[in-house]
1. From the list Ile22, Ile87, which residue is of a type in the set (A, V, I, L, M), under 23 Å from the mean Cα position of the chain (by Cα) and at pLDDT 95 or above?
2. Go through Gly39, Gly58 for me and flag whichever is closer than 25 Å to Phe318 by Cβ, away from the ligand (no atom under 15 Å from the Cβ) and modelled with pLDDT of 95 or more.
3. Which pairs turn up if I take residues in segment 98-112 that are hydroxyl-bearing (Ser, Thr, Tyr) and look for partners that are within 14 Å of the ligand (Cβ to nearest atom) and in a helix (DSSP H, G or I) with beta carbon separation below 6 Å, at least 6 apart in sequence or on another chain?
4. Checking Ile261 against (1) part of a helix (DSSP H, G or I); (2) under 21 Å from Arg196 (Cβ atoms), which test does it fail?
5. Just to confirm my filter: which strands (runs of 3 or more DSSP E) fall fully inside segment 5-69 and include at least 3 residues that are crowded, with 16+ Cβ neighbours inside 10 Å?
6. Looking only at residues in segment 92-130 that are of a type in the set (S, T, N, Q) and within 14 Å of the ligand (Cβ to nearest atom), which one is farthest from Thr33 (Cα to Cα)?
7. Do we have any residue at all in segment 183-191 that's outside the structural domain of Arg260 (by TED's automatic domain parsing), basic (Lys, Arg) and either surrounded by fewer than 24 Cβ atoms within 10 Å (Cβ to Cβ) or closer than 16 Å to Phe267 by Cβ (or both)?
8. Residue by residue through segment 234-256, note down the ones that are in contact with a Gly (Cβ under 8 Å, 6 or more places away or on another chain) and in a helix (DSSP H, G or I).
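The values are calculated or read from the model by the stated rules, or taken from the named source; none is laboratory data. Treat the numbers as computed from the prediction; the structure is a model and nothing was measured. Cβ: placed from backbone, ideal geometry, glycine included. Neighbour counts: every protein chain shown.
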Amino acid sequence: MKAATFQGKGNIQIREVPDPVIQNPDEAIVRVTYSCICGSDLWFYRGQSPLPEGSRIGHEFMGVVEKVGSDVKNLKVGDFVIAPFVISDGVCPECTVGETRFCRHGMFWGTNGYDAGQGEKVRMPFADHTVVVVPDADKLDEHMMRALLPLTDVLSTGHHAALDAHVTAGSVVAVIGDGAVGLCAVAASKRLGASRIFLVSTHEDRAALGKKFGATDIIAARGEDAIKQIKDATEDLGVDAALECVGTDGAWQIANGAVRIGGNIGFVGVPHGVADIPVAKLFNNNVGIKGSGASALHYIPQLLPDVLSGKLDVSDIFTKEVSLDNIAEGYKNMDERTEVKVIVRP
Ligand SMILES: [Zn+2]
C-alpha cells in the first residue's frame, strides 16, 4: 500500500509500504477514507521538532474496518470509525477518568510498528477502545464527513481549550490563534454558551470563518495593540476566558494580558519557545492556567451528536483537498499558510 513518509525538513514523500496484517488478537485493520494535515505536523515539517527520516506520518483520520482480531468485540467489519489523534487502551486508570491523552499504554500513530493516518490502511492496537464508531455512516454525505473529520483532533482540542478555561453560559472569551484549532475553539465556545467571543486574527479570510463559527468581535492586531483593543471593549476588565491556541510567546502574552482578574487561561498550542509562566503575576491576578493535548477519545462521544445534528459544523476549516499522491503539495500550502487545513483522500 501507499503511505506518506517524512524524509527530512520540507520533504514529504509517498512510499510503498507493506500492507498491514493483524499481528495481535486485540487489533483491527482500517481502510482510511479521509485524513488531513494538522498544524502540528508543520513542527517536524519545518525542522522545529525532531522526527527520524522515514517516519510514517498523520494522526487525523477516519475509515472503514476491514479486519478484526479474534479478541475484538466492539468493532465489526464494515464499521465506520473516527480515530482520535492518540492511541489509548481505554481501560487504564488515566483512561477511566477521561484523560485518554495520557493513557499509560498510549502511543502516537505511526510508532511502535503501527501505521499512521496519512496512508491507505492502518493497523491499530486496542481496537475495542481506541476509536469511536459512527452508526449508520453509510447514510452520511460528503459534507457530514468533512464535519466529522475535525473531531479526530482540532475540534476536540478547541473544545478542550474552552473547558480548561472554564467557558460556560455567558462567558466572555478571547481566542488567540486563527488556525484550525483556534477557529474550532470559537465554535466550541459558542456551543458552550459564550456570550461574546473575541478572535485575534489578522487574516481576513480566517476572521470571516471565525465569524461564521460564532466570533462576535475580530481583533485584527498583535501584541499590546490586541490586548488594548480587548480591554477597551470590556471596560478595561478583560475576558473571563483566554484560549491560547498557538503555542508561541506572542500568543501567551496576549492571553496573559487579555484575561481578567479571576479569569482562566486554557492553552492547547504546543509550547515552543514560551517564556516561563509569571507565577507572581498569577498570584496578583488570581488567574488559573490549564492546558494540554486533548483527550479526544473522551470528547468525541460528547460532541458527536451535535455534529451529526448539524449544530456543530466546522467543515469549512478544510479549504483544500488533495489526493494522497499529492500530499506534499498540501503540506507546502499549509506551511505557507495559503490554506487553513488540507483534507487528504487516499
Ligand atoms: Zn489508558
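1. None of the other options fit; the residue is Ile87.
2. When all the criteria are applied, what remains is Gly58.
3. Listed pairs, sorted by first residue: Thr100/Leu297; Thr100/His298.
4. (1)
5. Per the criteria, 28-36, 61-68.
6. Checking each candidate, the answer is Thr96.
7. No; the residues of segment 183-191 include none that is outside the structural domain of Arg260 (by TED's automatic domain parsing), basic (Lys, Arg) and either surrounded by fewer than 24 Cβ atoms within 10 Å (Cβ to Cβ) or closer than 16 Å to Phe267 by Cβ (or both).
8. Asp249, Gly250, Ala251, Gln253, Ile254 - these are the residues of segment 234-256 that are in contact with a Gly (Cβ under 8 Å, 6 or more places away or on another chain) and in a helix (DSSP H, G or I).
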